[in-house]
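Notes for the one structure printed next.
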Amino acid sequence: MTRIPDNDRTAELQAGLREALADGAPLAIRGGGTKAFYGREIAGRPLEVSGHSGIVHYEPTELVVTARAGTPLAALEALLAEHGQQLACEPPHFGDGATVGGMVAAGLAGPRRPWGGAVRDAVLGVRVLGGDGEVLHFGGEVMKNVAGYDLSRLMAGSLGVLGVILEVSLKVLPVPAVTTTRVLEADAGAALARLAEWGRQPLPLTGAAHVDGRLHLRLAGNASAVAEAAERVGGEEHSGGEAFWTDLREQRLAFFAGEVPLWRLSLPPAAPLTAVAGERLIDWGGAQRWLRTDAPAETVQAAAREAGGHAARFRGGDRTGEVFAPLSPALSSLHRSLKRALDPHGLFNPGRMYSEL
């Protein structure tokens, strides 16, 4: 049985916040630090959450686990695997120190995202340290939450600007009985056309990515459904399929190496390839496009908007400027209102998402 150290540091974190409130010093919330590259560069007094660990509640038959934010992500996944379960969003680690809180705060999902859901879809409830030092509880530990403004899911992808995540309750799912990866030779345009066609069919897809002239398809489910789907899509079986998907998730493929800025484009799956010069990798069945380019930010953002989506500079380039797609006036006003409501003193990761937040 996987052992996860139980260590409730809520009181220490509250003390750190009270100290910051007393002298007005901004806080840089830090877990394992594996996603510190993501978002705008910030300065602040470190508030270490990584030691705040432990499983608060886990009953496999309920398909829900509640863990403290500093719990190592690898340890949680190992515990779930012992019971034949998984986090359906397949979150990336980007290093051995990845934590559950960092997973939620970053809101990044792996290749299974279009079929297994986003990180926010897995979040059922959170306990958060608010801007005045109080512990706030949003959501719950059940799969059916009441209708309304779901503040628990707002924490997913907020990069710590709204509060310090203390605990999170997550929905988990059983691991499929059979998984296989098929590989087909195809250029990017042909791959997008095939993915659009297969997207209209009831295939048990859990991964679809195009890189280096090859389309990789992951099929998962019961044995008969997977065998039938594999025959329908054709191609060859990839003997190292799971390693490929892990390396894609963790950005260990050769495509991700180098110093050229890496952009993440979120687009309609059937959107044509943008005209921006650079190297491309297609993931999420076409809905996520990775682009390595030296093109100006304005050029990449404009191309993404024209294709019906948006772009974010993921790695490399200037992190003192804006990294994410510009907000509309309405969205900017909403973001600022949420920030003021949950962090009235502006202490939590100021500027990590946008300079105005």
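Rg and Dmax over the alpha-carbon atoms of the stretch 98-240 stand at 19.1, 58 Å. Whole Å is fine, so just give me how far the alpha carbon centre of the stretch 91-118 lies from that of the stretch 217-285. First find each Cα centre; the distance between them is then 17 Å. Using only Cα atoms, what is the ratio of the radius of gyration of the chain to 2.2 N^0.38 Å? Normalised by 2.2 N^0.38 Å, the Cα Rg of the chain equals 1.01.
Of Arg127, Arg120, the sequence from fewest to most neighbouring Cβ atoms within 10 angstrom is Arg120, Arg127. Secondary structure note: in the chain, about 90% of the DSSP beta bridges are antiparallel. Between Asp212 and Leu21, the distance separating the two model label sites (each 7 Å from Cα on the Cα→Cβ line) works out to 5.4 nm. The stretch between Gln201 and Ala177 holds 6.6 nm of extra length on full extension. This uses 0.36 nm per residue minus the Cα-Cα distance.
Once the C-beta distance of Asn7 and Arg336 is scaled by a Förster radius of 30 Å, the resulting FRET efficiency is 0.30 to the nearest 0.05. Relative contact order for the chain: what percent, with Cα pairs under 8 Å and sequence separation of 6 or more? It rounds to 19 percent for the chain.
For the peptides 261-270, 316-325, what is the packing order when you average, over each peptide's residues, the other Cβ atoms within 10 Å and list the highest mean first? Intermediate results must be reported in sequence, preceding the final value.
Details: 261-270: 19.5, 316-325: 15.5.
Those peptides, ordered most packed to least, come out 261-270, 316-325.
Could you compute the net charge surrounding Arg319? Neighbours are other residues with a C-beta less than 12 Å from the C-beta of Arg319; K and R count +1, D and E count -1. Local charge sum for Arg319: +1. The local environment of Gly346, defined by Cβ-Cβ distances under 14 Å, has a net charge of +1 under the rule Lys, Arg +1 and Asp, Glu -1. Summing Lys, Arg as +1 and Asp, Glu as -1, what charge do residues with Cβ under 10 Å from the Cβ of Ala88 carry, Ala88 excluded? Residues near Ala88 contribute +1 overall.
Of the trypsin sites (Lys or Arg not before Pro) found in the stretch 136-242, those in coil by DSSP whose Cβ has at most 10 other Cβ atoms within 10 Å are Lys144, Arg200.
Set the Cα radius of gyration of the stretch 178-315 against 2.2 N^0.38 Å, with N its number of residues, and you get 1.07.
No value in this document is a laboratory result; all are computed from the given coordinates. As the structure is a computational prediction, the values presented were derived from the model and not from experiment. Ideal geometry is used to build each Cβ from the backbone, glycine not excepted, and the neighbour counts take in all protein chains shown.
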